[in-house]
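The values are calculated or read from the model by the stated rules, or taken from the named source; none is laboratory data. Since we're looking at a predicted model, the values are computed, not measured. Neighbour counts are summed over all protein chains in view; Cβ atoms, including those assigned to glycine, are modelled from backbone coordinates with ideal geometry.
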């Protein structure tokens with residue numbers, strides 16, 4: 001027994017020894033750096049200055065209750081339920097003290113107003129805001145109202161109330177004599193405390209009768225200090241991205257549930273009291289996220305969209321209805337012989353944006369305060385529309401627009417999906433008709449994004465260009481709301497985006513979607529940026545998008561592993577560009593594995609690189625990592641220095657990481 005045990009021990013030792021000797025070279029081989037080659041002097045494609053943009057739609061309370069900084073919900077009493085958002089503050093109201101009056105025959109855009117008859121002492125009305133009113137201590141708040149006095153004597157006492165009904169800001173407005181006609185008046189006051197869930201009250205003091213409309217409250221810190229403007233922190237996060245374009249106003253908002261509910265840009269410009277409110281089509285779209293108080297006031301209208309794009313240095317990219325409502329809802333279409341008003345809207349929009357001040361719509365732009373043209377270069381005809389009915393209507397639009405503006409670029413829809421019969425019909429037909437741009441949309445799991453990093457490698461190079469107008473990785477449905485914006489999704493987006501950038505001669509524009517979501521009032525997730533009434537944070541997706549947009553470069557250069565495009569070999573995905581303006585080589589590389597990877601970059605060419613550069617890195621071993629209001633930069637870029645030795649750069653990629661390497665050159 002002892003002898004047999006001894007023999008067995010010796011044999012095991014010998015076997016283990018042989019394993020260790022064979023394992024050492026295998027281990028060394030596994031750890032040897034991968035050689036990635038970059039050809040510095042060979043431009044593969046030009047990168048368009050507006051390559052990476054943003055897509056805005058009034059979904060998830062992105063406009064009203066979001067970037068449009070109005071704090072009062074249902075300010076003109078035009079919701080289906082006229083007093084939705086309002087409550088009357090009196091233990092026992094007297095008949096006729098508060099009336100909602102409808103003057104539809106006189107003012108179809110804004111027919112309702114509130115009539116207050118105060119004969120029995122002070123009482124008030126309170127507005128709940130959009131999931132509360134975010135109030136900041138020490139900030140000025142600007143109140144305004146349109147009013148008409150039939151019997152003077154009523155004073156408006158204005159109050160900000162905390163969630164527990166404590167007064168945290170107040171002021172007064174004494175109406176001036178209006179002579180029985182409508183008048184606008186303002187008052188300002190300062191908040192004494194911070195509260196994300198405050199309310200706003202008007203106490204009516206004194207006896208008399210007064211009519212009220214367009215009851216409005218704005219924070220004093222709007223973007224660029226514009227009165228009745230935009231929420232500054234939301235605009236700033238966009239400006240920080242330096243997006244090449246802003247696509248607006250949607251999205252399914254453009255189509256509407258039916259044609260009556262479609263977006264009509266002409267109704268969104270001019271005095272806000274003349275902009276006709278409509279139900280937001282996301283109001284009851286999803287039963288599990290119903291939002292019966294979701295309407296479009298159009299305080300953020302087409303003039304403001306153009307102005308926003310100009311402010312942050314982006315191209316404006318409007319999308320117009322093509323005579324088709326949402327095909328998932330009603331599928332209603334305008335008859336072909338009744339399409340002229342829709343086409344005229346497109347022609348008039350180009351004139352509004354670019355026309356001389358002596359033209360009808362150019363003068364309208366000038367009258368709104370912007371005599372200089374907005375230099376609109378392109379627009380989309382239809383959103384996610386499909387089928388032969390779309391192609392028929394698109395042909396009519398294209399003929400009319402190109403006849404008057406031959407160099408103007410038109411973006412055409414390829415439907416709702418990046419594959420299948422709908423896509424194939426449209427993609428084939430649009431290419432045969434030499435479309436300027438074909439708009440592809442995809443909301444797919446992370447795995448689809450990884451498998452499609454080479455999607456455009458074999459697309460035709462000299463035909464219609466691609467606009468990836470909406471895309472986002474959709475995590476498993478077990479992830480809900482903001483938790484869907486996890487690192488796995490953002491990293492998969494980064495992998496695909498290297499493929500878009502590598503094919504910049506085919507894919508000339510791209511935008512993630514949707515953009516904003518209110519944490520208490522969202523209908524759709526994931527979303528790039530999450531807000532509440534006072535705070536905001538960018539998701540991991542935001543930082544991926546920002547890294548591409550702020551490092552787009554000017555020229556794509558070849559980057560290969562084993563002489564092949566890097567589209568998933570060993571979990572790697574990569575693209576590289578030169579920025580000839582900033583004189584930088586920019587390498588973008590994603591490691592989609594749970595292991596570190598050593599990379600030797602061989603930098604071939606006559607371009608003289610400097611000996612040091614930087615790397616901005618997003619990395620986390622937890623693919624479910626998210627950012628949050630409590631930790632808004634849990635996953636955000638970390639910057640470090642790198643050294644270049646001649647034409648070589650060695651670096652180690654962390655597990656589950658995305659890195660942007662920048663090396664200056666002379």
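Before moving on, here are some points about what is shown:
- Sub-7 Å Cβ pairs linking a first residue in region 122-137 that is without any contact (Cβ under 8 Å) to a residue 60 or more places away in the chain to a second residue that is outside any strand (DSSP E or B), at least 6 apart or interchain, are 137/191; 137/192; 137/193; 137/194, ordered by first then second residue.
- Hey, residue 298 in the same structural domain as residue 383 (by TED's automatic domain parsing) and in contact with a strand residue (DSSP E or B) (Cβ under 9 Å, 6 or more places away or on another chain) or not: no
- Sole residue being touching a strand residue (DSSP E or B) at 6+ places or on another chain (Cβ under 6 Å), over 22 Å from residue 33 (Cβ atoms) and part of a strand (DSSP E or B), chosen from 578, 618: 578
- Candidates 435, 453, filtered to the one that is in contact (Cβ under 8 Å) with a residue 40 or more places away in the chain, surrounded by 22 or more Cβ atoms within 10 Å (Cβ to Cβ) and in contact with a strand residue (DSSP E or B) (Cβ under 6 Å, 6 or more places away or on another chain): 453
- Condition check for residue 397: more than 27 Å from residue 575 (Cα to Cα), in the same structural domain as residue 315 (by TED's automatic domain parsing), at pLDDT 95 or above and touching a strand residue (DSSP E or B) at 6+ places or on another chain (Cβ under 8 Å): yes
- Selection status of residue 307, part of a loop (DSSP other than H, G, I, E, B) and surrounded by 16 or more Cβ atoms within 10 Å (Cβ to Cβ): no
- Listed by position, the strands (runs of 3 or more DSSP E) inside region 472-564 whose residues that are farther than 24 Å from residue 628 by Cβ and touching a residue at least 40 places away in the same chain (Cβ under 8 Å) number at least 3 are 507-512, 555-561.
- Counting only residues that are in a helix (DSSP H, G or I) and either at pLDDT below 95 or within 22 Å of the chain's Cα centre (by Cα) (or both), region 251-272 holds 7 of them.
- Residues of region 240-251 include at least one that is in the same structural domain as residue 545 (by TED's automatic domain parsing), out of contact with any strand residue (DSSP E or B) (no Cβ under 7 Å at 6 or more places or on another chain) and exposed (fewer than 15 other Cβ atoms within 10 Å of the Cβ).
- All helices (runs of 4 or more DSSP H) inside region 349-453 with 3 or more residues being over 30 Å from residue 494 (Cα atoms) and over 28 Å from the mean Cα position of the chain (by Cα): 360-367, 388-404
- Exactly one residue out of 138, 96, 121 is surrounded by fewer than 16 Cβ atoms within 10 Å (Cβ to Cβ), touching a strand residue (DSSP E or B) at 6+ places or on another chain (Cβ under 6 Å) and part of a loop (DSSP other than H, G, I, E, B), and it is 96.
- From the list 353, 366, 335, the lone residue that is out of contact with any strand residue (DSSP E or B) (no Cβ under 6 Å at 6 or more places or on another chain), closer than 24 Å to residue 396 by Cα and either surrounded by 19 or more Cβ atoms within 10 Å (Cβ to Cβ) or not assigned by TED's automatic domain parsing to the domain that holds residue 236 (or both) is 353.
- One residue from 334, 346, 316, 353 being more than 25 Å from residue 52 (Cα to Cα), at pLDDT 95 or above and touching a helix residue (DSSP H, G or I) at 6+ places or on another chain (Cβ under 8 Å): 334
- Of all residues in region 178-193, none satisfies being exposed (fewer than 13 other Cβ atoms within 10 Å of the Cβ), in contact (Cβ under 8 Å) with a residue 24 or more places away in the chain, out of contact with any strand residue (DSSP E or B) (no Cβ under 8 Å at 6 or more places or on another chain) and outside any strand (DSSP E or B).
- Checked against (1) buried (at least 23 other Cβ atoms within 10 Å of the Cβ); (2) touching a strand residue (DSSP E or B) at 6+ places or on another chain (Cβ under 7 Å); (3) farther than 24 Å from residue 368 by Cα, residue 256 passes all but condition (2).
- Of all residues in region 194-221, those satisfying the criterion of being outside any strand (DSSP E or B) and closer than 24 Å to residue 533 by Cα are 194, 220, 221.
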